[in-house]
Each structure stands twice: as C-alpha cells, then as structure tokens.
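Since the structure comes first, as structure tokens, the remarks are kept for the end.
The values are calculated or read from the model by the stated rules, or taken from the named source; none is laboratory data. A quick note: this is a predicted structure, and the numbers were derived from the prediction, not measured. Ideal geometry is used to build each Cβ from the backbone, glycine not excepted, and the neighbour counts take in all protein chains shown. Keep in mind that these areas ignore ligands, DNA and RNA; they rest on the heavy atoms of the full protein, side chains included. Shrake-Rupley method; radii C 1.70, N 1.55, O 1.52, S 1.80 Å.
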Amino acid sequence: MNVQEHAIPGLGLLTALATADGALHPEEQAVLIDFLRALRAELSLEDDSEEDQGLVQEFADWLATAKSIQDNATQLYASSQAREIFPKFFAAMAVADGVPNERERIMIGRIQAALRSIGKANHKS
C-alpha cells in the first residue's frame with residue numbers, strides 16, 4: 001500500500017488553505033507532516049520521515065484552483081482513512097499561523113463547500 005495515493009488529496013486541500021495567505025510557514029509544514037504521520041498510522045504503515053518531507057516539499061509551491069479543490073475533495077472522500085482524520089488537521093491548519101485572515105476564511109469556505117457537495121452526492125447514490 002502506498003501512502004501517496006491516500007495522502008495527496010488531503011495534502012492538496014491542506015496546502016490550499018495554508019498558502020491562501022502566501023508562503024507555507026514552518027507551523028503549517030508541521031501540520032502537513034503530522035497529517036502524514038497520522039495517515040500512516042491509520043494505514044498501518046511505518047513512519048518514513050524522508051518520504052513525508054519530500055511530499056510536503058512537492059506541495060510547497062502548489063497553487064490551488066477551483067477545479068483542484070473539487071478534485072481533491074472527491075479523491076479525499078474515496079479514502080476512508082484520510083477522510084476520517086482530515087477534519088482534525090483541517091482545523092489545525094486553519095490556525096497554524098494564527099487567526100485566519102480574510103483570504104484564509106474564504107479558502108476554508110471553498111474547501112468546506114467542496115467537501116459538502118461530495119458528501120451530498122455520495123449520500124444520494
């Protein structure tokens with residue numbers, strides 16, 4: 001089992017929030033690393049801090065779009081382990097570098113709307 005296939009959607013959404021106000025701060029990087037460690041535990045995979053650092057670095061300059069947010073929300077919903085732990089890290093990311101500013105609050109709303117739309121679509125099936 002590969003942690004990347006489960007982690008990338010959550011990392012994408014968390015990074016979208018983290019970078020809504022500019023560059024990725026060390027406190028935000030720590031939340032991403034904690035998310036990966038928790039996901040590895042959920043998947044019963046051994047820690048791999050080198051791979052985790054590499055994944056975080058891949059997302060450091062990533063810029064979210066409306067489509068990428070929707071796509072990541074859809075993919076996150078498909079991974080029950082990542083979906084279960086995501087809310088805790090989403091909340092932690094929202095305040096990682098202090099009280100959310102206007103751009104961060106807008107991104108929180110966008111991500112929540114994307115997740116709600118996926119949840120509603122999957123409950124109708």
Q | Residue-count net charge about residue 101 - beta-carbon cut-off 15 Å; Lys, Arg +1, Asp, Glu -1 | A | -3
(Q) I'd like to compare 71-81, 9-19: which one has the highest average count of other Cβ atoms within 10 Å, and what's the full order after that? (A) 9-19, 71-81
Q. Alpha carbon centre of region 60-125 versus region 1-59: separation in Å?
A. 14
Q. Ordering 28, 42, 102 from largest to smallest accessible area (1.4 angstrom probe), what's the sequence?
A. 102, 42, 28
Q. Want the number for residue 45 to residue 80: 0.36 nm per residue separation, take away the alpha-carbon distance, what's left?
A. 11.1 nm
Q | Environment charge of residue 16, counting only residues whose C-beta is closer than 15 Å and scoring Lys/Arg +1, Asp/Glu -1 | A | -3
